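The values are calculated or read from the model by the stated rules, or taken from the named source; none is laboratory data. The structure presented is a predicted model; accordingly, all values stated were derived computationally and were not measured. Cβ placement follows ideal geometry from the backbone for every residue including glycine, while neighbour counts extend to all protein chains displayed. In case anyone asks, the SASA skips ligands and DNA or RNA and just uses the protein heavy atoms, side chains included. Shrake-Rupley method; radii C 1.70, N 1.55, O 1.52, S 1.80 Å.
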Amino acid sequence: MKTKHVVDLADLSHEELLDIIRLANDIRLHPADYSDTCRGKILATLFYEPSTRTQMSFKTAMLRLGGSIIGFDNPQNSSVSKGESLKDTITVVGGYADIIAIRHPLEGTAAAAAMYSASPVINAGDGGHLHPTQTLTDVVTLYNEMGGLENLTIGLCGDLKNGRTVHSLIKTMSTFKGNRFVLISTPELTVPQYIKDIINSSDCGYVEVPSLSEAMPMLDVLYMTRIQRERFASEEEYRRQNGVFVLDKEKLRGAKKTMRILHPLPRVDEIDVEVDYDERAKYFIQTVYGMYGRMALMIRMLESGNRRTAARVMPTHPIRCCNPKCITASEKYLPAVFREAGGDMLLCRYCDGRTLV
């Protein structure tokens, strides 16, 4: 692999991504052939917010490859509770582990961690921003269940504003030919503008639909998401959005027989339990595909043996990111780094937040 870190699945070329998918499938079919592949290697899982599937999937993946695990699943059980900076935590752990998976509630954290780590960093979710290994899970599932990654009409339903899994999936699938997106949400929870800009700059298109029933007949894939209580400022705001979109057997009557239903999980009440028994429901097998995808990703990242001893020193911009959820809002030592977005607009290189000059 040419890239050292995977902060965004866009860090991988199409060739690298397809190679990882093929490797994941070979591991799935011949697991014994890979049981010692990571013998002597150490994965650090640094989880600053709760996780079940992602954390356990990474741990299981490394154990099945013969490696070992260190880390924490609660920052209160680490020196973070004493006020240790992200930079110091990553610098130390990067000296212990061969590869790091990090999840954090603030956007852009994985990009910041990659600046200071001597070991490869994998973004396991940064706030409402990105979740590349969930997208790897999704594309391994789609590749196997749909026969490829092109010419698909993909419906995404629920919290599209805060859903990092949605953002990552759209970014990746918009790079494949002929895909089309159907965005199903309330006006308040539609995808951020930067994601719409990505679709508009690709060969793909999108429509926004307010009704799940209306969207159903046109879909090859339905990607359901929960309304994320933890991303709302108040319980009242959350309750106004929760329960608007619920998938049940009645709505499925209008769907194609070949449609596949995915969900990043956890599920709350957005998919009725009776849907679990429909042959189109693939969200549980999706978690298994994800474990093999993470196994393949770690193998390829560790193969390079690419380590360094010093952090990059980057020039800082006089303007700071205006996104209050960006990691730069709390870790003040981080250099402000932007890319041009046209006119007077800058895009933060950590969180993709828009800031006016």
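Below are the figures for this structure:
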item	result
Pick from the stretch 199-230, criterion part of a helix (DSSP H, G or I), out of contact with any strand residue (DSSP E or B) (no Cβ under 6 Å at 6 or more places or on another chain) and open to solvent by 40 Å² or more (accessible area, probe 1.4 Å), ranking: farthest from LEU262 (Cα to Cα)	ASN200
ARG64, sole failed condition from (1) surrounded by 17 or more Cβ atoms within 10 Å (Cβ to Cβ); (2) closer than 13 Å to LEU297 by Cβ	(2)
Which numbered condition VAL166 fails, given (1) in a helix (DSSP H, G or I); (2) touching a Leu at 6+ places or on another chain (Cβ under 8 Å); (3) at pLDDT 95 or above	(3)
The listed residue being touching a helix residue (DSSP H, G or I) at 6+ places or on another chain (Cβ under 7 Å), aliphatic (A, V, I, L, M) and within 24 Å of LEU247 (Cα to Cα), out of LEU142, LEU156, LEU130	LEU156
Residue that is open to solvent by 10 Å² or more (accessible area, probe 1.4 Å), free of Cβ contacts under 8 Å to residues at least 40 places away in the same chain, in a loop (DSSP other than H, G, I, E, B) and touching a helix residue (DSSP H, G or I) at 6+ places or on another chain (Cβ under 9 Å), where the choices are GLY178, GLY148	GLY148
Enumeration of residues in the stretch 67-104 that are in contact with a strand residue (DSSP E or B) (Cβ under 8 Å, 6 or more places away or on another chain), of a type in the set (S, T, N, Q) and either crowded, with 16+ Cβ neighbours inside 10 Å or not in a loop (DSSP other than H, G, I, E, B) (or both)	SER68, SER78, THR89
Pick from the stretch 123-145, criterion of a type outside the set (A, V, I, L, M), assigned to a helix (DSSP H, G or I) and open to solvent by less than 10 Å² (accessible area, probe 1.4 Å), ranking: nearest to ARG354 (Cα to Cα)	PRO132
Exclusive hit being part of a helix (DSSP H, G or I) and touching a Cys at 6+ places or on another chain (Cβ under 8 Å), set MET62, MET56	MET62
For LEU356: the one exception among (1) in contact with a Ser or Thr (Cβ under 9 Å, 6 or more places away or on another chain); (2) open to solvent by 70 Å² or more (accessible area, probe 1.4 Å)	(1)
Condition check for LEU29: open to solvent by 50 Å² or more (accessible area, probe 1.4 Å), more than 20 Å from ARG164 (Cβ to Cβ) and among the aliphatic types (A, V, I, L, M)	yes
